[in-house]
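*Asks:* The structure is given below, and queries will be raised subsequently.
The values are calculated or read from the model by the stated rules, or taken from the named source; none is laboratory data. Here the structure is a predicted model, which means the values were calculated and not measured. FYI the Cβ positions are ideal-geometry reconstructions off the backbone, even for glycines, and counts take in every protein chain you see.
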C-alpha cells in the first residue's frame, strides 16, 4: 500500500521488542455513474514490530508518504464496557519513504 500517515507514530515497549502503531490513508479515484470524478479515502491501521518499529517511530511523521508491505491480521477484544470490538490491522514487514521529506 502507498499512502500518507495520519498521525505521528506511537511507540511502546512490548516485552523484548518495540511496537509502533499509526494509521495510513490511501486514496482511490474513479468516475461515478454520472461521469463525475470521485475520490475515496480508506484508513488502515498499521503495526510495526522490532527494528522497523524503532525506525518508523524515529523518522515517520504525520503527512509522510510511505509504501508498506505486510499482511492483514484481524482480531477482536473487549472494550472497557465489555463490548466485543473487531479490528483489522496491517502488520508491516517492510516500508519505504516516498515523496518529499516532512519536517
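*Asks:* Take residue 100 and tell me if it is modelled with pLDDT under 95, loosely packed, with under 12 Cβ neighbours inside 10 Å and within 18 Å of residue 3 (Cα to Cα).
*Replies:* The answer is yes for residue 100.
*Asks:* Out of (1) touching a helix residue (DSSP H, G or I) at 6+ places or on another chain (Cβ under 9 Å); (2) modelled with pLDDT of 95 or more, the odd one out for residue 70 is which?
*Replies:* (1)
*Asks:* Related question: Out of the residues in segment 7-17 that are surrounded by fewer than 16 Cβ atoms within 10 Å (Cβ to Cβ) and within 12 Å of residue 46 (Cβ to Cβ), which is farthest from the chain's Cα centre (by Cα)?
*Replies:* 10
*Asks:* For the structure I just gave you, tell me whether residue 54 is touching a residue at least 24 places away in the same chain (Cβ under 8 Å) and either in a strand (DSSP E or B) or at negative phi (or both).
*Replies:* yes
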